[in-house]
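K.L.:
Got a structure here, written out as structure tokens. Questions coming.
The values are calculated or read from the model by the stated rules, or taken from the named source; none is laboratory data. Note that the structure is a prediction, hence the values are computed from the model and not measured. Cβ placement follows ideal geometry from the backbone for every residue including glycine, while neighbour counts extend to all protein chains displayed. The accessibility values were calculated without ligands, DNA or RNA, using every heavy atom of the protein model including side chains. Shrake-Rupley method; radii C 1.70, N 1.55, O 1.52, S 1.80 Å.
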Amino acid sequence: MIIAERDASAFIRGYTLIMGEIYGAPPAKHKILEVLTVAREKYMADRSLLDRALSGLTAESVPVPGEVVSAIRGLEVAKWIYLKDTRSHSVFIHPSGQVAYGVLGLTERVRSIIGGSGAIIETGVVRYRGRYVTDGVVSRVAWLGPNYKREFSGVLSHLRSQGLFNV
């Protein structure tokens, strides 16, 4: 339910460097989630900020792995329906209801981050090293009642049957 520790460390380091550069100041330890959340919002509003951040980091001779950069380019922040966990991943349904993903956490299971499953969560999802992974920054949580869970389970079944569940 989480990616390999080495992969997580590389992603977290690169993501934090880039988002810190987008934010405009090095992230302070006690405010890291605030910095990541604000920088992510800025980046989603203006995707050109990634190239500016990379230029700034390159000028300071700070390398960021290409895989991390590619993952951030594909970052999708949404109010995902986090339906449930399986043995191998967490099930996220896109808010459009048109696609679903098997998502891994970075260092913790998604359930551990928010305290359960069956919720709408605002978070980022990237494709990193061949897997869908959450960026670990959860900014909103709204719990689903049993009727909504049942309804979204039906949506998931439909998406699976149409080949629209991606792992």
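K.L.:
Determine the sum of side-chain charges near Y15: Lys and Arg each +1, Asp and Glu each -1, restricted to other residues whose C-beta is under 10 angstrom from that of Y15.
P.N.:
Counting the neighbours of Y15, the net charge comes to +1.
K.L.:
Follow-up. Could you run the Karplus curve 6.51 cos²θ - 1.76 cosθ + 1.60 with θ = phi - 60° over segment 65-78 and give me ³J(HN,Hα) per residue in whole Hz, x for Gly and Pro?
P.N.:
Running phi through 6.51 cos²θ - 1.76 cosθ + 1.60 with θ = phi - 60° gives x, x, 5, 5, 4, 4, 4, 5, 4, x, 3, 10, 9, 7 Hz.
K.L.:
Here's another thing I want to ask about it. Please report, as a whole percent, how much of the solvent-accessible surface of the chain comes from carbon and sulfur atoms (probe radius 1.4 Å).
P.N.:
Ligands and nucleic acids excluded, carbon and sulfur give 52 percent.
K.L.:
Right, next: Quickly work out the A142-to-V167 label distance, labels modelled 7 Å from Cα along the C-beta direction, and quote it in nm with one decimal.
P.N.:
Inter-label distance under the simple model: 3.1 nm.
K.L.:
What do you get for the angle between helix 32-45 and the principal long axis of the chain? Use alpha-carbon atoms, 0 to 90 degrees, nearest ten.
P.N.:
That works out to roughly 80 degrees.
K.L.:
Moving on to the next point. Counting only residues 5 or more places away or on other chains, whose amide H sits under 5 Å from the amide H of V99 once H atoms are built in the peptide plane?
P.N.:
Counting only residues 5 or more places away or on other chains, the set is H94.
K.L.:
Over segment 39-167, what is the relative contact order in percent, taking alpha-carbon pairs closer than 8 angstrom and at least six residues apart?
P.N.:
Normalised by residue count, the contact order of segment 39-167 is 23 percent.
K.L.:
Kindly express, to the nearest 10 degrees and within the range 0 to 90, the angle between helix 49-59's C-alpha long axis and the longest C-alpha principal axis of the chain.
P.N.:
With both axes taken from Cα atoms, the answer is about 40 degrees.
K.L.:
Right, another one. Does segment 77-162 come out rounded, prolate or oblate, given a ≥ b ≥ c as the square roots of the eigenvalues of its C-alpha gyration tensor, rounded meaning a/c under 1.5 and, failing that, prolate meaning a/b above b/c?
P.N.:
Oblate shape, in that a/c is at least 1.5 and b/c is the bigger or equal ratio.
K.L.:
Got the relative contact order for segment 1-82 handy, in percent, Cα pairs under 8 Å and 6 or more residues apart?
P.N.:
Averaging sequence separation for qualifying contacts and normalising by length gives 33 percent for segment 1-82.
K.L.:
If you average the sequence gap of Cα pairs under 8 Å that are 6 or more apart and divide by the length of segment 92-157, what percent do you get for the contact order?
P.N.:
Relative contact order, segment 92-157: 30 percent.
K.L.:
Just one of (i) 53; (ii) 24; (iii) 17 is percent of Cα pairs over 30 Å apart calculated from these coordinates, so which is it?
P.N.:
(iii)
K.L.:
Going by alpha carbons, how many degrees (0 to 90, nearest 10) lie between the helix axis of 146-161 and the longest principal axis of the chain?
P.N.:
Computed tilt is about 80 degrees.
K.L.:
Using the heavy atoms of the protein chains alone and a 1.4 angstrom probe, what is the accessible area of the chain per residue in square angstrom?
P.N.:
51
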